[in-house]
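What follows is one structure encoded as structure tokens, with my remarks underneath.
The values are calculated or read from the model by the stated rules, or taken from the named source; none is laboratory data. As the structure is a prediction and not an experimental result, all values here were calculated from the model. In this analysis, Cβ positions are derived from the backbone assuming ideal geometry, glycine residues included, and neighbour counts consider all displayed protein chains.
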Amino acid sequence: MFRKLYGDGYKVDKLQCVIPTTARTLNFKTLMAVLKSKDESLWEQSKWMFDGEFRFLDGEPLGFNKIAFNTFPRSGNSFLRRLLEQATGITTGATVHITTSTSL
């Protein structure tokens, strides 16, 4: 059923985590360096990160605690997820396809 919904670009590991196999990935530290930088040449080299395609993180350990936000219905959860995805290009891993649930 998973392959039918999402195709062959992803697989599920033993811990039931989705792992991209052919999907685009992005290194979090590289993304943060670009977002914090004022160097125009670095931005030019990194345009591919912001081409509108959503990506997964590449799996490198982040080295800090993960942050989760708990919400209740109609509190802006989908809006926040969409905003984060638009700003970073990294998919949030939501079970609802974000492009059909929220438009910005």
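Screening ARG82 with (1) in a helix (DSSP H, G or I); (2) under 20 Å from GLY9 (Cβ atoms); (3) among the charged types (D, E, K, R) gives one miss only, at (2). The set of residues in the range 35-58 being within 12 Å of the chain's Cα centre (by Cα) and loosely packed, with under 13 Cβ neighbours inside 10 Å consists of GLY52, GLU53.
Taking the range 85-104 as the range and being outside any loop (DSSP other than H, G, I, E, B) and modelled with pLDDT under 55 as the test, the residues that pass are ILE98, THR99, THR100, SER101. Out of all the residues in the range 62-71, is one or more surrounded by 14 or more Cβ atoms within 10 Å (Cβ to Cβ) and in contact (Cβ under 8 Å) with a residue 12 or more places away in the chain? For the range 62-71, residues surrounded by 14 or more Cβ atoms within 10 Å (Cβ to Cβ) and in contact (Cβ under 8 Å) with a residue 12 or more places away in the chain: absent. For the range 67-79, filtered to residues that are outside any helix (DSSP H, G or I) and aromatic (Phe, Trp, Tyr), the residue that is nearest to the chain's Cα centre (by Cα) is PHE69.
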